[in-house]
Amino acid sequence: MAYTNNSTYRTSLIPNFLYTASSSSSSSSYVVNDLENTSISTNSNALLSQPSIIKKPFLVPAPKESSGKIEMFSPAYYAACTFGGVMSCGLTHMAVTPLDLVKCNMQIDPTKYKSISSGFGVLLKEQGVKGFFRGWVPTLLGYSAQGACKYGFYEYFKKYYTDLAGPENAAKYKTLIFLAGSASAEVIADVALCPFEAVKVRVQTQPGFARGLSDGFPKFVRAEGATGLYKGLVPLWGRQIPYTMMKFASFETIVEQIYKNVIPTPKNQCSKSTQLGVSFAGGYLAGILCAIVSHPADNLVSFLNNAKGATVGDAVNKLGVMGLCTRGLPIRIVMIGTLTGAQWGIYDSFKVFVGLPTTGGAAAPAPAK
């Protein structure tokens, strides 16, 4: 940056006339038009007085300061969304490990774990307080990997399908775009989650099998082979894809309706705390719908990962259709509602932290060209 000629300021080592204007508000360049005010030699003045030089002055672009903002739909944007997904899914799933532990055991052994309260009592009596967090490591790592793919690829596929449809169709069929984008992202996310989920369920529902991921993973592979880690992939898709489609599409719709019908102020005029409150509320309501839609497949995943060689037919015969739909559902509604609300709250908080808008409620700005 060049300093002024005022004697109270230091003199820049690089003359002012070598710079173009750094301000975006002015397109003009600094041109030497008063050589008497410059501190250059007589020889330099003589050179600059040549017509050819005056017409085409030697100019160096001035350094530009970075605004610090992330451009929408840039690689940095998708990277931020991916990291936000890691934080939102990994941390929240780990926090509700005790609820997940009771839920899995209620699905596997309903005679012993008859209700939420009695389930906690049985675990406390048999395994102590430490037992409530058994399997937290595969939970943290597995759902962090899943969250990275889920949110990062959702943002990518939503933009991709929007561009594919065109402005008119994108506005007309936006719910279908939300559904397609979330389903595409979840297919990838579950491939990352599946091995960790298999070990987690085995550790949580078979006391004595392993202490956690470090000893449970190699023991699982020795017993069922590497392919056994993906035995539950299809049921996991059956659970997670409907869940994620409902999670994202209903969240986007609920948030839009809250801004239209509940909050009298447009989203861009609301405070950040209000926007994050909307994100949590929309996420909690979406989570309740998610739990109901995906619960039968959740029972299947728990059943298959608990019993070696078990099939879907075995699960249906033992649990029944009604059992698949309702066993452990109340606790899952509480868990998934809280989980989903917290996930959207954390995800959007991180987006706000890095200078991005919260999700839903208004169309995202188009990328700068």
| query | Condition test on L164, is it modelled with pLDDT of 95 or more, more than 14 Å from Y143 (Cβ to Cβ) and not in a loop (DSSP other than H, G, I, E, B)? | reply | yes
| task | Mind listing whichever residues of the range 241-263 are surrounded by fewer than 19 Cβ atoms within 10 Å (Cβ to Cβ) and of a type in the set (A, V, I, L, M, F, W, C)? | result | V262, I263
| message | Testing S118 on (1) over 20 Å from K200 (Cα atoms); (2) among the small types (G, A, S); (3) surrounded by 22 or more Cβ atoms within 10 Å (Cβ to Cβ), one condition comes back false. Which one is that? | response | (3)
| note | Counting only residues that are acidic (D, E) and more than 23 Å from W237 (Cβ to Cβ), the range 128-180 contains a total of 2
| Residue identified as closer than 28 Å to S144 by Cα, of a type in the set (A, V, I, L, M, F, W, C), in contact (Cβ under 8 Å) with a residue 60 or more places away in the chain and surrounded by fewer than 21 Cβ atoms within 10 Å (Cβ to Cβ) among V278, V293, V312, V301 | V312
| query | Does the range 88-100 contain any residue that is more than 25 Å from D348 (Cβ to Cβ) and in contact (Cβ under 8 Å) with a residue 24 or more places away in the chain? | reply | yes
| query | Which of the residues belonging to the range 93-148 are at positive phi and over 32 Å from the mean Cα position of the chain (by Cα)? | reply | G128
| field | Any hit, the range 321-339, residues being open to solvent by less than 60 Å² (accessible area, probe 1.4 Å) and farther than 30 Å from S279 by Cα | value | yes
| Sole exception among (1) without any contact (Cβ under 8 Å) to a residue 40 or more places away in the chain; (2) aromatic (F, W, Y); (3) closer than 21 Å to T227 by Cβ for Y173, by number | (3)
| When the range 173-232 is examined, which residues are found to be surrounded by fewer than 23 Cβ atoms within 10 Å (Cβ to Cβ) and outside any helix (DSSP H, G or I)? | Y173, Q206, P207, G208, F209, A210, R211, G212, G225, K231
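Residues Y154, Y160: which one is within 30 Å of E252 (Cβ to Cβ) and in contact with a Gly (Cβ under 6 Å, 6 or more places away or on another chain)?
Values: Y160 fails: in contact with a Gly (Cβ under 6 Å, 6 or more places away or on another chain).
Selected residue: Y154, the only one of Y154, Y160 that is within 30 Å of E252 (Cβ to Cβ) and in contact with a Gly (Cβ under 6 Å, 6 or more places away or on another chain).
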| query | Does the range 80-87 contain any residue that is hydrophobic (A, V, I, L, M, F, W, C) and without any contact (Cβ under 8 Å) to a residue 60 or more places away in the chain? | reply | no
| remark: Checked D100, D109 against criteria (touching a helix residue (DSSP H, G or I) at 6+ places or on another chain (Cβ under 9 Å), surrounded by fewer than 16 Cβ atoms within 10 Å (Cβ to Cβ) and modelled with pLDDT of 50 or more); the one match is D109
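Residues checked against (1) at pLDDT 85 or above; (2) assigned to a helix (DSSP H, G or I); (3) in contact with a Lys or Arg (Cβ under 7 Å, 6 or more places away or on another chain); (4) closer than 23 Å to G228 by Cα:
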position	(1), (2), (3), (4)
I288	yes, yes, no, no
I292	yes, yes, no, no
P296	yes, yes, no, yes
L304	no, yes, yes, yes
V321	yes, yes, no, no
T340	yes, yes, yes, no
W344	yes, yes, no, no
G355	yes, no, yes, no
| field | Residue check for A80: modelled with pLDDT of 90 or more, out of contact with any strand residue (DSSP E or B) (no Cβ under 9 Å at 6 or more places or on another chain) and more than 19 Å from I331 (Cβ to Cβ) | value | yes
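The values are calculated or read from the model by the stated rules, or taken from the named source; none is laboratory data. Since the model is a prediction, treat every value here as computed from it, not as a measurement. When we count neighbours, we look across all protein chains shown, and the Cβ atoms used for this are built from the backbone with ideal geometry, even at glycine. Accessible surface is based on the protein model in full, side chains and every heavy atom, while ligands, DNA and RNA are left aside. Shrake-Rupley method; radii C 1.70, N 1.55, O 1.52, S 1.80 Å.
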